[in-house]
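Q: Here you go, one structure.
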Amino acid sequence: MDPIPDIIRSLLETPFSWLDDNKRKDIVKIGRPTPSLNFQTLDKRHGETFSRTFKTHWYGSRQWLCGSSFKQALFCWPCLLLGKARNNVWVSQGYSDMKNLSAGVKKHELSREHMRSFLSLKKLEKDTRTVQDDPQMQSSLTLKLLNEEIRKNRRLMSYLIDVTCFLAKQEISFLGHNENSDSFDSGNFNETFDLLVKRDAEIQNHLKKIDHIFSGLSETIQNDLISCISEHLTDKIHAEIKESLFFAVQVDDTTEILEKSQCAISIRYVNKQAEIREVFLGFYDVSEDRKADPMYDLIKSVLQPFDYRKKLVGQCYDGASVMVGSLNGLQKKIKDDAPAALFTHCYAHRLTLVLQGGLRNMKNCRIYFATVTSISGFFHQSAKRTFILDSILQNRIPSSSDDNRWTSKSNIIQVIDSDWSNIKNVFSKIIDDKNSSIESVNGARGYFQDMNSLEFSFLTTVFKNIFDITDPLFDILQKNSIDVDYCKNQIISAQERIKSLMSEDFFNIIFEKAQSRIGLDEVDIQHSKRIRLSDSDVKDDERLSSIVSFYEIIENIVSQLDIRFADMSELLYFSLVDSSKFKAYTSNFPTVSVDHLTKFYKNMFDKQQLISELTVIYQDEDFSKLPNIASILKHFVIDDLQKIFPEAYKLFTLTATIPSTSISVEGHSSCFKRVKTYCQNSKKNHRLSSLALLSIEKELFCSLQKDDDFMDQIINKFVVLNNPSISLIYKI
């Protein structure tokens, strides 16, 4: 497209004679338009269309010749401006017969009307006293026409941005069910855009005008807009992180629909408003190499803009991509760069990792928990199966929608263990029901056989007893994570109780229970491939296998408790910010905790100043009434206390930044599962991480949309990224 609007099109709509003197002079100053043209010529004999390119040197040999990129036709500039015969093809619709162009030009040049118009134009040009085609002499009219076009272009872009924001926030697929078909559904993006501009006549007319040069609904435009919006959001997130005193990094892995190992990275920090923030930075492909060195290089590159060597105070990792034998090396490399970067986890999440990590290498346990989880899904996927379950069990098997939460598996095992016989009867009834689908019969038969397996029965009994100990501990760690000493004692107590299970007497008790549950009745005989009538039928190798599994499970869990909670002593200073102890500290100041803090975080705190500030805070009733660290931080900001207690504010901010009370990457993973739907019909998954960011950081995204310059910011980024075929930057 020409850098200026099509003047010929404007003159066809508003004749030169209708304009005022100033506008007429401006047009004469600009001079005739000489664009490159591409003609489509129809061969009348053979019915074929040929493309003929106009040779622009013709403009040089014919000073009256001009062209319209919109009309893709040639015009006579003098006749268009000053001619009286408006029915002439060189004035009304333009000349496009390239085959006979030479003859047409000669014929027009010989006409008297053309000669009169050309002479009048020469006189008019002389009166204006300017040189034609001088770019320095662009008139106010030209700028006005150009900027008017740009205004419409930017208004059009604002509609496209609105559609992109709406679909991203609502987590709606940009495609439809029939994006590329000849149906009424042209895709969610297209349909939403059409709905928005339906009553905007100006934009509809503008779209028709630029339709041949700008495809605003294309997938390329969509992807670029998504990228621009997510980049704008990322800029704001990065600015907040850079302003924070400290931050912690949280890394998890997940696998996207192309089965590539993805690493999700998020950052935890306290912003200027004293809000504890956990923000998602993006997904990163780590499928090629998941060893310590490549993971270290990746994380370092992500954290580099935030001065991580001084400000990083916490690091936590989860998932296969960051746990495959390289975790110790990885966290040590980060700590070598940033000495204050504690390797830590949410306590409750650590307990999940204890159970998960301790059993990962035991094949029979992996199979067992896969079966347990699928039993829940078997009923939740069918209303009819659920009805049969309700009629016999009068209870529901809990959902296990989050495979990473071991509490959900515990809930399922508790129900299976307590209602063993009834659940077997449910599977039996589904098998016998003549109206059951093939899928239901096959599934029920498989689960029925599992429940007549000694191994399945035994593992259910073992884990039921372990979860009786770990479930209360999970609740304690969630509710009391800031009281490190109390949590540590509870973990030791739970560990001792689990160790106490490791005895021959206890094994015999649970083994006998497991064995008794698979003694078959008449119904079992019909549906099970294996028949057991007494303990004598149990083979010695099965008992031996059960003993080995029993001791291995418990030893692994006890060992994992030691490993996962080994660094708790490094967080004893958390007690300094526990408001429930503030009153007690007025008479018994926690000197040991302060010593521990200042010893670990060397040169970060002024110890004497901190002791003085904390002494005053502990004696203040307003602080002791605040229920948690988040409310204390808010109190600092609302009452502008940071300058009075700078060292104490630094301590509270540091403690809130350490991810010991929550871990947001788990939420990011579940959000990733929702975002996958955007790309299930497309292999162009480069938009995935951007869409995930817009969805996960929806609150910040919505607040940015309220900014007055939001649209301008996105359009300006789009110009840089896309190099669009329409002008979007105003001329001055």
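The values are calculated or read from the model by the stated rules, or taken from the named source; none is laboratory data. Note that this is a predicted model, so its numbers are computed, not measured. Every residue, glycine among them, receives a Cβ derived from its backbone with ideal geometry; neighbour counts consider all protein chains shown. Only protein heavy atoms, including side chains, enter the accessible area calculation; ligands, DNA and RNA are left aside. Shrake-Rupley method; radii C 1.70, N 1.55, O 1.52, S 1.80 Å.
Q: Contact list please: Cβ distance under 9 Å, first residue in the stretch 351-371 and more than 16 Å from Q414 (Cα to Cα) and outside any helix (DSSP H, G or I), second residue modelled with pLDDT of 75 or more and open to solvent by 60 Å² or more (accessible area, probe 1.4 Å), pairs at least six apart or on different chains.
A: If the second residue must be modelled with pLDDT of 75 or more and open to solvent by 60 Å² or more (accessible area, probe 1.4 Å), the pairs left are R360/R366; M362/E552.
Q: Being hydrophobic (A, V, I, L, M, F, W, C) and closer than 27 Å to Y730 by Cβ is the filter; apply it to the stretch 162-176 and report the residue that is farthest from the chain's Cα centre (by Cα).
A: At the first step, the residues of the stretch 162-176 found to be hydrophobic (A, V, I, L, M, F, W, C) are 163, 165-168, 172, 174-175.
From the residues that got through so far, the ones that are closer than 27 Å to Y730 by Cβ too are 163, 165-166.
Details: V163: 17, C165: 13, F166: 15 Å.
Ranking the candidates gives V163 first.
Q: Residues in the stretch 621-628: is at least one closer than 17 Å to K311 by Cα, out of contact with any Gly (no Cβ under 8 Å at 6 or more places or on another chain) and in contact (Cβ under 8 Å) with a residue 12 or more places away in the chain?
A: No, the stretch 621-628 contains no residue that is closer than 17 Å to K311 by Cα, out of contact with any Gly (no Cβ under 8 Å at 6 or more places or on another chain) and in contact (Cβ under 8 Å) with a residue 12 or more places away in the chain.
Q: In the stretch 615-635, what residues are within 38 Å of the chain's Cα centre (by Cα) and aliphatic (A, V, I, L, M)?
A: Passing the criteria: L626, I629, A630, I632, L633.
Q: Being within 39 Å of the chain's Cα centre (by Cα) and farther than 15 Å from Q381 by Cβ is the filter; apply it to the stretch 414-446 and report the residue that is most open to solvent (accessible area, probe 1.4 Å).
A: Only one residue tops the list, namely Q414.
Q: Just checking: which of the strands (runs of 3 or more DSSP E) contained wholly in the stretch 21-93 hold 2 or more residues that are aliphatic (A, V, I, L, M), over 18 Å from L145 (Cα atoms) and modelled with pLDDT of 80 or more?
A: Working: elements: 38-43, 48-53, 65-68, 73-76.
Those strands (runs of 3 or more DSSP E) span 73-76.
Q: Out of the helices (runs of 4 or more DSSP H) lying entirely within the stretch 680-726, which hold 1 or more residues that are at pLDDT 85 or above and in contact with a strand residue (DSSP E or B) (Cβ under 7 Å, 6 or more places away or on another chain)? Quick ask: steps written out before the conclusion?
A: Details: elements: 688-696, 698-705, 710-722.
Output list reads 688-696.
Q: Report yes if R543 is modelled with pLDDT of 90 or more and charged (D, E, K, R), otherwise no.
A: When the stated conditions are applied, R543 does not pass them.
A quick yes/no check of all residues on (1) modelled with pLDDT of 75 or more; (2) aromatic (F, W, Y):
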residue: G319; (1), (2): no, no
residue: M323; (1), (2): no, no
residue: K333; (1), (2): yes, no
residue: D337; (1), (2): yes, no
residue: H349; (1), (2): no, no
residue: V354; (1), (2): yes, no
residue: R366; (1), (2): yes, no
residue: V372; (1), (2): yes, no
residue: F379; (1), (2): yes, yes
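Q: Scanning the stretch 618-650 for residues that are over 14 Å from A274 (Cβ atoms) and among the hydroxyl-bearing types (S, T, Y), which turns out most open to solvent (accessible area, probe 1.4 Å)?
A: Checked the stretch 618-650; the qualifying residue most open to solvent (accessible area, probe 1.4 Å) is S624.
Q: Let me ask something else about it. Restricting to the stretch 175-211, what's the tally of residues that are exposed (fewer than 12 other Cβ atoms within 10 Å of the Cβ), at pLDDT 85 or above and more than 24 Å from S725 (Cβ to Cβ)?
A: 3
Q: With respect to S593, is the statement that it is assigned to a helix (DSSP H, G or I) and at pLDDT 90 or above true? Spell out how you get there, then give the answer.
A: On the way: assigned to a helix (DSSP H, G or I): yes; at pLDDT 90 or above: yes.
The answer is yes for S593.
Q: With respect to the numbered conditions (1) open to solvent by 60 Å² or more (accessible area, probe 1.4 Å); (2) within 26 Å of A341 (Cβ to Cβ), which one is the sole condition not fulfilled by Y573?
A: (1)
Q: Which of the residues spanning the stretch 714-732 are touching a helix residue (DSSP H, G or I) at 6+ places or on another chain (Cβ under 6 Å), open to solvent by less than 70 Å² (accessible area, probe 1.4 Å) and of a type outside the set (G, A, S)?
A: I714, I715, K717, F718, N722, I726, L728
Q: List the residue pairs whose Cβ atoms are under 6 Å apart, where the first residue sits in the stretch 594-617 and is within 19 Å of K643 (Cα to Cα) and open to solvent by 50 Å² or more (accessible area, probe 1.4 Å), the second is charged (D, E, K, R) and in a helix (DSSP H, G or I), and the two are 6 or more positions apart or on different chains.
A: From the stretch 594-617, the pairs are D606/E647; Q609/E647.
Q: Pick from the stretch 216-243 the residues that are touching a helix residue (DSSP H, G or I) at 6+ places or on another chain (Cβ under 7 Å) and farther than 19 Å from C165 by Cα: which of them is surrounded by the fewest Cβ atoms within 10 Å (Cβ to Cβ)?
A: My answer is K242.
Q: Looking at the stretch 95-117 only, could you name the residues that are outside any helix (DSSP H, G or I), buried (at least 16 other Cβ atoms within 10 Å of the Cβ) and touching a helix residue (DSSP H, G or I) at 6+ places or on another chain (Cβ under 8 Å)? So that I can check it myself, show each step before the final result.
A: Step one: of the stretch 95-117, the residues outside any helix (DSSP H, G or I) are 95-97, 110-111.
Now narrow it down to the ones that are buried (at least 16 other Cβ atoms within 10 Å of the Cβ): 95-96, 111.
Result: Y95, single match.
Q: Also, quick follow-up: Return a yes/no flag: does the stretch 521-536 have any residue that is at pLDDT 90 or above and open to solvent by less than 40 Å² (accessible area, probe 1.4 Å). Outline the logic, then answer.
A: Going residue by residue through the stretch 521-536, those that are at pLDDT 90 or above are none.
Checked the stretch 521-536: no residue is at pLDDT 90 or above and open to solvent by less than 40 Å² (accessible area, probe 1.4 Å).
Q: In the stretch 597-616, which residues are in a helix (DSSP H, G or I) and either in contact with a Gly (Cβ under 6 Å, 6 or more places away or on another chain) or among the charged types (D, E, K, R) (or both)? Give the derivation first.
A: Within the stretch 597-616, the first condition is being in a helix (DSSP H, G or I), and the residues that meet it are 597-600, 607-616.
Matches in the stretch 597-616: K599, K607, E613.
Per-residue answers, yes or no, for (1) surrounded by 15 or more Cβ atoms within 10 Å (Cβ to Cβ); (2) closer than 21 Å to I732 by Cβ; (3) at pLDDT below 90:
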position: K123; (1), (2), (3): no, no, yes
position: K126; (1), (2), (3): no, no, yes
position: V131; (1), (2), (3): no, no, yes
position: D134; (1), (2), (3): no, yes, yes
position: Q138; (1), (2), (3): yes, yes, yes
position: L143; (1), (2), (3): yes, yes, yes
position: K152; (1), (2), (3): yes, yes, no
position: M157; (1), (2), (3): yes, yes, no
position: L160; (1), (2), (3): yes, no, no
